[in-house]
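Notes for the one structure printed next.
What follows is calculated from the coordinates using simple rules that are stated; it is not laboratory data. The structure displayed is predicted, hence computed values, not measured ones. Neighbour counts are summed over all protein chains in view; Cβ atoms, including those assigned to glycine, are modelled from backbone coordinates with ideal geometry.
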Amino acid sequence: MAAKKTVPKPKKPRRKKVEAKSQGLGPTEVAHATEEGTKLSGMIVDDGGSVIGTYRDPFGGSGVVMAALPIDLVEPTPYQRDRSETHLKKLASAIERVKRFLDPIIAVRRDGRYWTPNGNHRLGAAKLLGMKTIVALVLPDEDVAYQILALNTEKAHNLKERSLEVIRMVRGLVGARAGKESDYIAFLEEPHFATIGAAYEKRPRYSAGAYAPVVKRLEAFLDEPIEDALQVREARADLLLKWDDEVVKVVDALKAKGLQSPYLKNYVVARVNFLRFKKDTSGLDFDDTVRKMLAATQKIDAAKVNKEDLARMGGAPAESTDE
């Protein structure tokens, strides 16, 4: 089987110290509308909305329209995590208590409707309260709809939510856009999110936090057409789930002999994770490496594991997955 072409995630340059007030636009420059903002304003009015004002983004200078939109025309992007009902109800109660909706959502216009990549919970709270209108910062660039991970800061993402959003974006890109997976690094952020997201789609209770340190070190963005890359992610997810099945067998055996810990899966995975001793994993094949760890998992004899072993390799998982 031919090796898959990969593209390593580009390293973020170290942020340089900038001189105070040396970046972006001045207040009077921000107040000037752009041509694209003016055009978008007309579309918003035609859709039944009302333009509150137009301006240029103070950092990048792109056009922004602040508008009051009919709430029925606004919906979350289809790639996002599911809403937290608890967070939604708390937000609705807070808005109702202070009698103010002060935080506009971000939206992009798409075929006469408006997608929000940042504001799903606020939109849900507004609808729960029976509001007719929602205030939004409407941007002319449709690519903003894919920049969920960078924009959505209203409720911190856990690993499961980030991964599901990324695999949903990959599916949305298939058929809608041409290009390779590596062309969309800015949208997808981390290559392991897509693989783990595919696993979560197949097994919603998958404990990805135990496997993420392995998957993250093995993954890279694929220099292949997005639809082919999706098939690779699906196959890798299947392999991870087979490994998970073997890990669960060992965990069940450890529990049967009286060993109890919330980190038993992490212990089992760490025990076979030989990547911990390798500085460079760039040349390793994903499938071969995971199969070796799967085989090593099958050889673990639970009868020979004691509490001291758990203590030596114990500790909290790298990242909570809210499972």
(request) Under 1.5 on a/c is rounded, so check that first for segment 157-313, then, if it is not, pick prolate when a/b is larger than b/c and oblate when it is not; a ≥ b ≥ c are the square roots of the alpha carbon gyration tensor eigenvalues. (result) prolate
(message) For a test of the definition: using alpha carbon positions, the gyration tensor, and the 1.5 limit on a/c, classify segment 165-204 as rounded, prolate or oblate.
(response) oblate
(message) What does the charge count around residue 243 come to, taking other residues whose C-beta lies under 14 Å from its C-beta (Lys +1, Arg +1, Asp -1, Glu -1)?
(response) +4
(request) Please compute the net charge surrounding residue 72, taking Lys and Arg as +1 and Asp and Glu as -1 over other residues with Cβ under 13 Å from its Cβ. (result) +1
(message) Just to verify a number: FRET efficiency for residue 129 and residue 203, C-beta to C-beta distance, R0 = 51 Å, to 0.05?
(response) 0.90
(request) Express as a percent, rounded to the nearest 5, the fraction of DSSP beta bridges in the chain (both residues included) that run antiparallel. (result) 70 percent
(request) Could you work out how far helix 35-46 tilts from the main Cα principal axis of the chain, as a 0 to 90 degree angle to the nearest 10? (result) 80 degrees
(request) Mind pulling the angle between the C-alpha long axis of helix 208-218 and the longest principal axis of the chain? Nearest 10 degrees, somewhere in 0 to 90. (result) 90 degrees
(request) Work out the charge dipole of the chain with +1 on the Cβ of Lys and Arg and -1 on the Cβ of Asp and Glu about the Cα centre, then indicate which of 37, 62, 273 is farthest towards its positive end. (result) 273
(request) Check the straight Cα-Cα distances from residue 99 and name the lysines below 30 Å, setting aside those fewer than 8 residues away within the same chain. (result) 89, 90, 127, 132, 155
(request) With everything on Cα atoms, drop me the angle between helix 159-173 and the longest principal axis of the chain, reported from 0 to 90° to the nearest 10. (result) 60 degrees
(request) List the residues whose amide H sits under 5 Å from the amide H of residue 222, counting only those 5 or more places along or on another chain, with H placed 1.01 Å from N in the peptide plane. (result) 7, 182
(request) Would you calculate, for the chain, the mean residue ellipticity at 222 nm contributed by helices, counting each DSSP H stretch of 4 or more residues as -39,500 (n - 2.57) and dividing by all residues, to the nearest 500? (result) -13500 deg cm²/dmol
(request) Mind ranking 25-38, 200-213 by how tightly packed they are, going by the mean number of other C-beta atoms within 10 angstrom, highest first? (result) 200-213, 25-38
